[in-house]
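Report on the following structure.
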Amino acid sequence: MGRIRGTVFLAGSLGLFAAAPLKADWYEASSEHFVIYADDSEKDIKEFAENLERFHSAMVVLTGRETEMPSPSNRVTIFVVGDRGDLRRLSRGNRNVAGFYQPRAGASRAFVQDIKMKSGYPSFSTVVLLHEYAHHFLISSSRFAMPRWLSEGAAEFFSSSSFEKDGGMKTGRPAHHRATEISYDGAVPAEDLLDSAYSRDSGGTNRGSFYGTSWALFHMLWFSDERQGQLNEYWQAVAAGKGSLEAGREVFGDLDVLDDELEDYMRQRRMLYLPLAADNLPPTASVVLRELPEGEAKMMDVRMVSQRGVTREEALELVEKARKIAERYPDDAGVLVALAEAEHDAGNYQAAIEVATRAIALDPARPNAYVQKGYAQFALAAEADEADKDLAYREAMGTFGALNRIENDHPLPLIYYYRSFLEQGREPNETARRALERAAELAPFDQALAMNAGLMLAGEGKIGRAIDALTPLASDPHGGELPDTARRYIAQLEREEEGTVWIPRDTAKAVGNAVTAAEE
């Protein structure tokens, strides 16, 4: 086991991005868990994809967890946007942007800066990506929710990884990017760090050293001989239902002593890390590279902005740009799929259907063509006259059914089958209910989907399963409206007996927020 020194700089905050200008040939790198789009050299893109798969394998080895192999559309798609200025423009001016991840069923997206294939400690943009993928992996591989400090500490621990030329890795390296924040702000006391209420409070989570202290405690507990096994004991206690602070006091003992040990630990000049030889990592499938044709490459900036998410004004501007490109490349299926998405974003649903239909005719294997056509058909069905609604929804589900036939585990056909009942004011049948539950299993990282599944199960009187579905959402490390709502619902559900049909008073608002999230 090797030892290295730790140092220096302050981590930037995450934000949204905007499109980068075209610089070179664009490639798509496809692997088991990732799809990468970048205008870079074939060699660097391929190596980048191989490193990400290696990182996934390391997470499997070190955590002892497995994840279900994602369907092609449920992989994480990564757009390599450009330099920091390009990311700033895509983020609508966020000066501190380094990367961003959007977890959605069938449409998880990450946006990062240019690929920097460097030896030793990874570039900060890579650290951000690895941090977010660590969250994605941990959520996907366990239905037990982690306390915030543990979730962030684990993500920081794994993201400080380097990739060796011999195929091995160094994981758990000192988080250099957190050193300055701890130096300036001091460590968060364990009493506060382990307190879930403190972690949820904006004054706590925004404290500059929260992430750094979470990393330091996780790192110390992983490597400490004196506290060997305590990290797993603590996690098992929390998974068994004990509160984070209660479990911490029970497993770690006197928290003031823990603070003193952590302070001494962070003053060390050298720290341990985990060297992983290539032979110790599971073999990964090969990366498939595809050079994008000229039209699809020119459409990449439109595609990135669309998939980041657009305002109404941005959508109207973007669709004009997409149309101009499509006029030059009318027989490029990739161009037409991007145009269909832009038309849908702009509210031009009939145009989106027509363009997506043309794309499917040219290339029936492109899932997003079916997705955009189905979205637009659902939007028109909602507006149809009462006499036409049934046919309109059946046509929309015909499109999602076609998507299901080419990609059986795509979560969106399952979600929209359930949604087709709700939108027509009908009680979802057993097949539709189980379809939604299966979709939540396929995409446990999707907050809106978890909320819908939890509410559905509660409405069936399956109180325990409803709580299980909502608990990971309630403990989402980044917080927000849906996690806050999930915590409130869980508190109410815990007072109900199994078999009681439970429907919260604000169900309509919760469902409305959740079912529309997939299209945002």
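A few remarks follow.
- CD proxy at 222 nm, helix term only [per DSSP H run n ≥ 4: -39500 (n - 2.57); per residue of the chain; nearest 500]: -17500 deg cm²/dmol
- Overall form of the range 382-434 per C-alpha gyration tensor (a/c, 1.5; a/b vs b/c): oblate
- Global geometry of the chain, whether rounded, prolate or oblate, following the gyration tensor of its Cα atoms and the 1.5 cut on a/c: oblate
- Mean separation of Cα pairs under 8 Å and 6 or more residues apart, divided by the residue count, gives the range 295-408 a relative contact order of 20 percent.
- Phi to ³J(HN,Hα) by Karplus 6.51 cos²θ - 1.76 cosθ + 1.60 over the range 102-111, Hz, x for Gly, Pro: 10, x, 9, 4, x, 7, 6, 10, 10, 10
- Order of ARG465, ARG269 under a 10 Å beta carbon neighbour criterion, fewest first: ARG269, ARG465
- Nearest 10 degrees, 0 to 90: helix 230-239 Cα axis against the chain principal axis: 40 degrees
- Sequence-separation-based contact order of the range 3-280, relative, with Cα cut under 8 Å and 6+ spacing, percent: 21 percent
- Each of TRP222, TRP26, TRP215 was scored by other Cβ atoms within 10 Å of its Cβ. Listed from fewest to most, they are TRP222, TRP26, TRP215.
- Cα gyration tensor category, rounded, prolate or oblate, for the range 295-408 with a/c compared to 1.5: oblate
- The long axis of helix 481-493 is offset from the longest Cα principal axis of the chain by roughly 80 degrees.
- Between 0 and 90°, nearest 10: helix 333-345 axis offset from the chain longest Cα axis: 90 degrees
- Taking amide H atoms as placed 1.01 Å from N in the peptide plane, the amide H of GLY82 lies under 5 Å from those of ASP114, each 5 or more residues away in sequence or on another chain.
- Among VAL335, GLN350, LEU391 the positive-end extreme of the charge dipole of the range 295-408 (Cβ point charges): VAL335
- Placing +1 on the Cβ of every Lys and Arg and -1 on the Cβ of every Asp and Glu, with no other charges, gives the range 295-408 a dipole of roughly 360 debye about its Cα centre.
- Calculated over the range 3-280: convex hull of Cα atoms, volume per residue (Å³): 132 Å³
- Approximating the spin labels as points 7 Å out from Cα along Cα→Cβ, the ASP256-to-ARG323 distance works out to 7.2 nm.
- Charge dipole of the chain (Cα centre as origin; +1 on each Lys and Arg Cβ, -1 on each Asp and Glu Cβ, all else neutral): 740 debye, rounded to the nearest 20.
- Relative contact order [Cα under 8 Å, 6+ residues apart], the chain, whole percent: 16 percent
Since every read-out is calculated from the coordinates, none of them should be taken as a lab result. Values in this document were obtained by computation on a predicted structure and should not be read as measured data. Cβ atoms come from the backbone with ideal geometry, glycine included; neighbour counts cover every protein chain shown.
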